[in-house]
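**Q** Next up is a structure, given as structure tokens.
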Amino acid sequence: MAPNPFANIEEAFNHKVVKTKGCWSWLGFINGDGYGLLSWQMKKFTAHRVSYELHVGPIGKGLHVLHDCDNASCTNPKHLRLGTHRDNMDDILKRGNCLKKLTLDNIDFIQSSSLPVKQLAEMFNCSVQNIYYYKKRKQV
């Protein structure tokens, strides 16, 4: 593996992000859950957590970095906040509990579809996170 060309993780982060007034777009690798990944010193980090630590401060043990914008790949610290796993689940439910909206045929379609998750979320008026859960065959 080639050495990292950046002097520190902040340089590596800034090289892979486009900062705008809205969501900061991650240009690097996006994992299957829609989160940006940053490799640094042979370790992988989720980009939104790196952004939070760089721009806001440390993340307490057991805490999650939650997105207020419902965009998993966003790294804008103004869209991020700390919360518990329960807070994360509550946010997902508030943004669109698809359990009450979707038929079994809809869920089968979502799970077998190759359409982008964002498009499926718009199609079924659900949050992106709810669609990810269905794609992984989990229920919220």
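**Q** Could you tell me whether G60 is open to solvent by less than 40 Å² (accessible area, probe 1.4 Å) and in contact with a strand residue (DSSP E or B) (Cβ under 6 Å, 6 or more places away or on another chain)?
**A** So G60 fails the test.
**Q** What residue, among those in segment 86-118 that are under 22 Å from D68 (Cα atoms) and open to solvent by 80 Å² or more (accessible area, probe 1.4 Å), is modelled with the lowest pLDDT?
**A** So, considering only residues that are under 22 Å from D68 (Cα atoms) and open to solvent by 80 Å² or more (accessible area, probe 1.4 Å), the one modelled with the lowest pLDDT is K94.
**Q** Quick one: which residue in L54, L80 is surrounded by 13 or more Cβ atoms within 10 Å (Cβ to Cβ), in contact with an Asp or Glu (Cβ under 6 Å, 6 or more places away or on another chain) and either modelled with pLDDT of 95 or more or within 24 Å of K135 (Cα to Cα) (or both)?
**A** Of the residues listed, the single one that is surrounded by 13 or more Cβ atoms within 10 Å (Cβ to Cβ), in contact with an Asp or Glu (Cβ under 6 Å, 6 or more places away or on another chain) and either modelled with pLDDT of 95 or more or within 24 Å of K135 (Cα to Cα) (or both) is L54.
**Q** Can you list the helices (runs of 4 or more DSSP H) lying wholly within segment 29-138 that have 3 or more residues being touching a Pro at 6+ places or on another chain (Cβ under 9 Å)?
**A** 47-55
**Q** Only residues that are open to solvent by less than 70 Å² (accessible area, probe 1.4 Å) and polar (S, T, N, Q): list them for segment 21-43, please.
**A** S25, N31, S39
The values are calculated or read from the model by the stated rules, or taken from the named source; none is laboratory data. If you're wondering where the values come from, they're calculated on a predicted model, not measured in any experiment. With ideal geometry, Cβ positions are generated from the backbone for all residues, glycine too; neighbour counts draw on all protein chains shown. The protein model used for the area step is the full one, side chains on, heavy atoms only, and it has no ligands, DNA or RNA in it. Shrake-Rupley method; radii C 1.70, N 1.55, O 1.52, S 1.80 Å.
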